[in-house]
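These notes concern the structure reproduced below.
Derivation of every value follows stated rules applied to the coordinates shown; laboratory data play no part. As the structure is a computational prediction, the values presented were derived from the model and not from experiment. Note that we place each Cβ from the backbone using ideal geometry, even for glycine, and neighbour counts take in every protein chain shown.
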Amino acid sequence: MTSVTRQEVLGLYRKIFRIAKKWQSASGQIEETIKEKEYIKNEAKTLFKKNKNVTDPKLIKQCIDECEARIEIGLHYNIPYPRPIHLPPMGLAHKQGRTLRHQEKLRKISKPIYLKSHDEVS
């Protein structure tokens, strides 16, 4: 990892914790705010620890893009949790043999960048 990339990643990590410190839930309830702040911190720690040994520049760039997308979406919608994709279950192909594998491939391809790591962690 180059020093520029390292600085960018550490900057994102600090940015997430600053956001968590100032976070207010949409409902305005104290319990909900505390719960969401903890979620933000735990999600950041988990994902950053999981990816700390990544050395491939393309994969690092993908992780940075995902982080930035999740930050922007969270701030925009005032929801810290990843937004779901709107695909009906098993709605891309028929449930038979080869088409099932094709359907799984299409679901993986259609997943937005901000959800790439969500299924692996949660």
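Pairs Lys15/Lys35; Lys41/Lys105; Lys52/Lys105; Lys21/Lys50; Lys22/Lys105: which are spaced more than 30 Å apart, C-alpha to C-alpha? Working shown, then result.
Working: Lys15/Lys35 19 Å; Lys41/Lys105 32 Å; Lys52/Lys105 27 Å; Lys21/Lys50 23 Å; Lys22/Lys105 39 Å.
Flagged as over cut-off: Lys41/Lys105; Lys22/Lys105.
Please compute the net charge surrounding His76, taking Lys and Arg as +1 and Asp and Glu as -1 over other residues with Cβ under 13 Å from its Cβ. Before the final figure, lay out the partial values.
On the way: positive: Arg70, Arg83; negative: Glu68, Glu72.
Taking every Cβ under 13 Å from that of His76, the sum is 0.
Add +1 for every Lys or Arg and -1 for every Asp or Glu among the other residues with Cβ under 11 Å from the Cβ of Ser27, and state the total. All intermediate terms of the calculation are to be shown ahead of the outcome.
Numbers: positive: Lys35; negative: Glu31, Glu32, Glu36.
The answer is -2.
For the pair Asn42 and Arg83, how long in nm is the line joining their label points, each one 7 Å along Cα→Cβ?
2.4
Rounded to the nearest 0.05, what FRET efficiency do Lys49 and Ala69 give with R0 = 22 Å and r taken as the Cβ-Cβ distance? Could you check?
Numbers: r = 20 Å, r/R0 = 0.90.
Computed FRET efficiency for Lys49 and Ala69: 0.65.
With just the Cα atoms of region 1-82, tell me how far they stretch along each of the three principal axes, in Å, largest first.
42, 20, 17
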